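S.K.: Pasting a structure below so you can have a look.
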């Protein structure tokens, strides 16, 4: 028996223990003992390969490792497959900031050169991410690690694009999209951050062709140059006589019709809506139904174009001021009113989003297809409603249904350089009937020199890349199809998808839609959503607030087990995680308690050689402990990790260490049923270590390696592969 040192030194012990685990090869389910039967799998939400891990990553690592270790103890061949995400737009922004500090920009390089530079940067950072995962104690199988830009992953992603295109579920269309003028790329609806802001409602007079005028209220007078109509709700009795008349747009004096449409809000402004289809999503829909052509007056740099006359070249806010001056000069500005309204911003740079008509690639999420004639959206909803997929906490199911019900076609093209290129070419000539029928669109993963339809060499490659959520939406099946032969058959669908509630729609919903579409099966059986990490004052952690906790710094000071326990104990169903350094210190103290209690037990049972009979009072203590184990097991099975952690914590500290050890200490010293007391201490310590192991793996393995050999007692050489206690 190896003795424990006087003081627990997590920095020393954790490195030593992780090397022991790696050497064993037991993170790979193929190497587990034959006693482990049945399969369990969990796929890691891939961290972005552009930055080190942060405290949010530490949450999912702690929880997913807990789940994996628990299932391994329960006798499963548990696979936790790790990986990283190229994170398209996010990574390009990070790398461009890096170039900016060096006095360079991406335009100093060719597109291919820039791609290679970013690729090398992400590959280097991946090594850092994987080292950090190890420091957190992640028992994932690194022999199966994947990257969203692995060649075999890219092939699957592009095959999915082609399949969707052939099934009529992907199309290229001129639609209004969310556009960031600073980064000059489109976003999906989910990537727009809406915030309440103070604004101004401008009441403007539009003359009527036949005489008179109508009053219109707008927050964006600079887009008047793009007005194509005025619209009135058909139920609004105030303006019935105006429907069908002609108004005069007040800046360029163009004639525009007055139409009726139910989407006009009677209670907003004057109840008369100016229709600017090129620069407003609702206006775009109204214009399509009324066959009004869009008139784009803002360019892709966020400046007004030649249609704005003397305002050409001005940025939006500058143009707004000039527009108001012109309206005032012509006595067309009636009044202004201060309001509060929701404004969309780029989630990365906070620039105001500019709705823009662009030619983009979309997925038809609501279009019925196949024998069942159900859409991607409907199949995903059905999977949750029929309980094939269970969402925990349950209240998020309502959020899921609400979002899916209002789902619009998904814009999957991005105007950036870093990512998976869209596998499409365009024939410029379209010489043959077949080429014309296909509108010159050629979906091909190969580099083409000529059009396969008409053999024209006048073809161009689509310059855009795929939205990173399109590739990561295929993560569960793409990883298992490529990591190792036979994995897909054994481990798919995966058992649990554990992630933050904030990406339920960004990622989880899309994995469900694409997983069912590509494999005919659900991608996972249970979705567990954890909360966001907040400080002791319940403020969201951010660098600007200076309240960020660095997980690696914390580990260096207090050990990984202390951080993990602090995060897990704070993870209540449906609630955010409150974390502070004081809390982590508290669990460092608990780790010391575990070490000191274990050290005392080991020092006092060193002469115990065989299994004795227990006294009745000792048997009762053991039965009480058995109930605690069952309670922990029940909480873990129900994903109530904080309650499971609290149960183990309270039992070990307040029952085992403070009461049972103290009582047995006297019996051992006075030699009263000494062997029974020693064996009781051994049994409780041994099994306490097992049920504590998923939460605090390092210290439990370290103590386990020092347990004595007792005749009649069987145990594995490593707690990592031990069996969960069912009877004592």
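S.K.: What is the angle, in °, between the Cα long axis of helix 560-569 and the longest principal axis of the Cα atoms in the chain? Nearest 10 is fine, range 0 to 90.
M.R.: Value to nearest ten degrees: 70.
S.K.: Using Cα-Cα distances under 8 Å and only pairs 6 or more residues apart, what relative contact order does the chain have, in percent?
M.R.: Numbers: 1282 pairs, mean separation 117.9, N = 728.
It rounds to 16 percent for the chain.
S.K.: Please give the length that would be gained between residue 445 and residue 97 if that part of the chain were fully extended, namely 0.36 nm times their separation in residues minus their C-alpha to C-alpha distance (nm, one decimal). Could the numbers behind the result be given before it?
M.R.: Details: separation 348, 0.36 × 348 = 125.28 nm, distance 3.12 nm.
Stretched fully, the residue 445-residue 97 segment lengthens by 122.2 nm.
S.K.: Continuing with the same structure: Cut-off is 10 Å between beta-carbons; in what order do 12, 521, 76, 253 appear when sorted fewest neighbours first?
M.R.: Details: 12 11, 521 15, 76 19, 253 8.
Ordered by Cβ neighbours within 10 Å, fewest first: 253, 12, 521, 76.
S.K.: So, one more: Okay, helix-only estimate at 222 nm for the chain: each DSSP H run of n ≥ 4 adds -39500 (n - 2.57), divide by all residues, round to 500 deg cm²/dmol; what do you get? Before the final figure, lay out each step's value.
M.R.: Values: 22 runs with 277 residues, N = 728.
Helix contribution divided over all residues of the chain: -12000 deg cm²/dmol.
S.K.: While we're here: If you average the C-alpha positions of region 469-519 and of region 357-401 separately, how far apart do those two centres end up, in angstrom?
M.R.: Going from one Cα centre to the other spans 15 Å.
S.K.: Would you kindly state how much longer the chain becomes between residue 461 and residue 350 on full extension, computed as 0.36 nm times their sequence separation minus their alpha carbon distance, in nm to one decimal?
M.R.: 36.8 nm
S.K.: Hey, with R₀ at 56 Å, roughly what FRET efficiency would residue 104 and residue 603 work out to, going by the Cβ-Cβ distance, to 0.05?
M.R.: Numbers: r = 63 Å, r/R0 = 1.12.
E between residue 104 and residue 603, to the nearest 0.05, is 0.35.
S.K.: For the chain, give me the percentage of DSSP beta bridges that are antiparallel, rounded to the nearest 5 percent.
M.R.: Details: 56 of 80 bridges.
Taking every DSSP beta bridge with both residues in the chain, the antiparallel ones total about 70 percent.
S.K.: Remind me, relative contact order of region 185-356 in percent, using alpha carbon pairs under 8 angstrom and six or more residues apart? Could the numbers behind the result be given before it?
M.R.: Working: 334 pairs, mean separation 51.2, N = 172.
Once divided by the residue count of region 185-356, the mean separation gives 30 percent.
S.K.: Note the angle between two axes, namely the Cα long axis of helix 151-166 and the longest principal axis of the Cα atoms of the chain, as a number of degrees from 0 to 90, rounded to the nearest 10.
M.R.: Value to nearest ten degrees: 40.
S.K.: Now for a separate question. Provide the FRET efficiency to the nearest 0.05 for the residue 321-residue 266 pair, computing r from the beta carbons and using R0 = 30 Å.
M.R.: Working: r = 30 Å, r/R0 = 1.00.
Efficiency at R0 = 30 Å is approximately 0.50.
S.K.: Please sort 565-572, 667-674 by packing, taking for each peptide the average over its residues of neighbouring beta carbons within 10 angstrom, highest first.
M.R.: On the way: 565-572: 24.0, 667-674: 14.4.
The packing order, highest mean first, is 565-572, 667-674.
S.K.: Measuring from label point to label point, each 7 Å out along Cα→Cβ, what is the residue 254 to residue 300 span in nm?
M.R.: Inter-label distance under the simple model: 2.2 nm.
S.K.: What angle do you read, to the nearest 10 degrees and between 0 and 90, between the alpha-carbon axis of helix 641-650 and the longest principal axis of the chain?
M.R.: Between helix and principal axis, roughly 30 degrees.
S.K.: Something else: Can you tell me which of 332-338, 363-369 comes out highest on packing, and rank the rest after it, using the mean Cβ neighbours within 10 Å?
M.R.: On the way: 332-338: 13.6, 363-369: 16.9.
Output ranking for 332-338, 363-369: 363-369, 332-338.
S.K.: Among 537, 487, what is the fewest-to-most ranking by other Cβ atoms within 10 Å?
M.R.: Values: 537 9, 487 20.
Going from least to most buried by this count: 537, 487.
S.K.: Can you give the FRET efficiency to the nearest 0.05 for residue 328 and residue 386, using r as the Cβ-Cβ distance and R₀ = 41 Å?
M.R.: Numbers: r = 61 Å, r/R0 = 1.49.
About 0.10, to the nearest 0.05.
S.K.: Expressed as a fraction of 2.2 N^0.38 Å, the rule-of-thumb size for a compact globular protein of N residues, what is the C-alpha radius of gyration of the chain? Numbers along the way, then the final one.
M.R.: Details: Rg = 31.7 Å, N = 728, 2.2 N^0.38 = 26.9 Å.
Compared with the compact-globule rule of thumb, the chain sits at 1.18.
No value in this document is a laboratory result; all are computed from the given coordinates. What you see is a predicted model; the values in this text were computed from it and never measured. Heads up, the Cβs are rebuilt from the backbone with ideal geometry, glycines too, and the neighbour counts pull from every protein chain shown.
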